[in-house]
């Protein structure tokens with residue numbers, strides 16, 4: 001998982017720009033995962049500035065992020081600077097793990113999944129929402145061209161061209177979630193698609 005430096009320069013406007021880019025749908029995509037998680041103690045993995053806080057409600061939440069600058073803006077009481085590949089928690093510490101728009105920024109997806117499995121209690125559930133390319137080749141080509149233009153323009157206007165160039169490239173970094181989560185330490189229960197052309201996915205995984 002990156003040390004957070006790529007987000008440091010845009011921490012004060014990252015969530016606001018995400019809402020604009022998603023036409024206000026980023027929260028709904030998060031909620032589609034959160035409503036399927038069990039109650040209890042939850043780890044918000046890659047919590048950033050706390051965009052999911054309102055939807056997490058009164059649950060027992062620990063916020064973890066590699067960027068101190070992002071976490072500083074997160075009002076969650078329990079905040080931990082750390083990375084997904086080396087979670088600083090004991091085994092079985094959480095009933096659920098939630099991760100929104102983080103997996104394509106990880107240094108190691110297998111390493112992070114192994115750590116999530118370790119900190120989940122038996123029967124615990126991990127919920128992931130993230131962005132990628134649509135499954136169909138034609139749709140993926142259209143989305144790649146469109147997102148390149150949009151993210152490039154936003155990066156210039158926000159004075160963060162390098163950061164948004166990185167975010168655009170990250171959409172091609174990982175395989176489709178059905179492949180990425182298969183055969184790992186967690187059982188893949190469900191994957192569903194959202195957003196234009198299906199470039200957003202939600203996934204539920206269980207520790208058996």
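The values are calculated or read from the model by the stated rules, or taken from the named source; none is laboratory data. From a predicted model like this one, the values you see are computed outputs, not experimental measurements. Every residue, glycine as well, gets a Cβ built from its backbone with ideal geometry; the counts of neighbours run over all protein chains shown.
Quick look at the numbers
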read-out	value
From 171, 167, 186, residue being in contact with a strand residue (DSSP E or B) (Cβ under 7 Å, 6 or more places away or on another chain) and either at positive phi or at pLDDT below 70 (or both)	171
Residue count, segment 14-54 (criterion: at positive phi and either buried (at least 19 other Cβ atoms within 10 Å of the Cβ) or modelled with pLDDT of 90 or more (or both))	4
Residue in segment 72-88 that is part of a helix (DSSP H, G or I) and more than 26 Å from residue 179 (Cα to Cα) present	yes
Of all residues in segment 120-149 being touching a helix residue (DSSP H, G or I) at 6+ places or on another chain (Cβ under 8 Å) and part of a strand (DSSP E or B), the one that is modelled with the lowest pLDDT	131
